[in-house]
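The following block contains the structure, expressed as structure tokens.
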Amino acid sequence: MTEIFIFNLSPDLIEAAQLFWHSDEVMDRFQKRYIEESIDNQDDPHVLYIAEEDQTPLGFIHVIEITEEISQKKCANVTLLAVTKEARGKGVGHALMVKAEMWAKEKRYPILQLEVFYNNDNARNFYESDGFMNDTIVMAKPLKD
């Protein structure tokens, strides 16, 4: 049930990315692979929270331990966060981020980080309003023949 719910949100995540230089098929394969790898990874400390109302899932967040690239310290990394269209703007994403931050603090991680697609203005604004700051930006240039 949980995996079905998460995979059903995949088209919304792909749409938000707005990476026009990748085909829909490539983005779909990427998203499915990324979700599978994130959820199936049992090697590192991780947590998956599902937000529900009346046993109806509204959103989820997946957080793992990684080694932060600059300091080389262990930290928490949000690999996935998604909320259903019906639940957006109702505090579900914020509640999930609070849970992620609580988990990270319990583990005594100095940083909670995440990656967000640059074109996803809604997500970037959401994270910035929650205190996240730009760290690095990956840039891409599609090359034409």
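Mind listing whichever residues of segment 100-122 are surrounded by 15 or more Cβ atoms within 10 Å (Cβ to Cβ), out of contact with any Asp or Glu (no Cβ under 6 Å at 6 or more places or on another chain) and not in a loop (DSSP other than H, G, I, E, B)?
Ala100, Glu101, Trp103, Ala104, Gln113, Leu114, listed by residue number.
Among the residues that make up segment 129-140, is at least one of them in a strand (DSSP E or B), touching a helix residue (DSSP H, G or I) at 6+ places or on another chain (Cβ under 9 Å), buried (at least 16 other Cβ atoms within 10 Å of the Cβ) and of a type outside the set (Gly, Ala, Ser)?
no
For Val116, indicate whether it is of a type in the set (A, V, I, L, M) and within 13 Å of the chain's Cα centre (by Cα).
When the stated conditions are applied, Val116 passes them.
When residues of segment 46-90 are filtered for being surrounded by 18 or more Cβ atoms within 10 Å (Cβ to Cβ), of a type outside the set (A, V, I, L, M), out of contact with any Gly (no Cβ under 8 Å at 6 or more places or on another chain) and over 24 Å from Arg108 (Cα atoms), how many remain?
Qualifying residue count, segment 46-90: 1.
Here's something else I'd like to know. Which condition breaks for Asn125 when tested against (1) part of a helix (DSSP H, G or I); (2) more than 19 Å from Ile50 (Cα to Cα); (3) in contact (Cβ under 8 Å) with a residue 24 or more places away in the chain?
That leaves (3) as the condition not met.
Pairs please, first residue from segment 100-115 and within 13 Å of Met133 (Cβ to Cβ) and of a type outside the set (Asp, Glu), second anywhere and modelled with pLDDT under 95 and in a helix (DSSP H, G or I), Cβ atoms under 9 Å, 6+ apart in sequence or on different chains.
Listed pairs, sorted by first residue: Leu114/Tyr127.
The values are calculated or read from the model by the stated rules, or taken from the named source; none is laboratory data. Quick caveat, the model's predicted, so the values are computed rather than measured. Don't worry about glycine lacking a Cβ; one is built from the backbone with ideal geometry, like all the others, and counts go over all protein chains shown.
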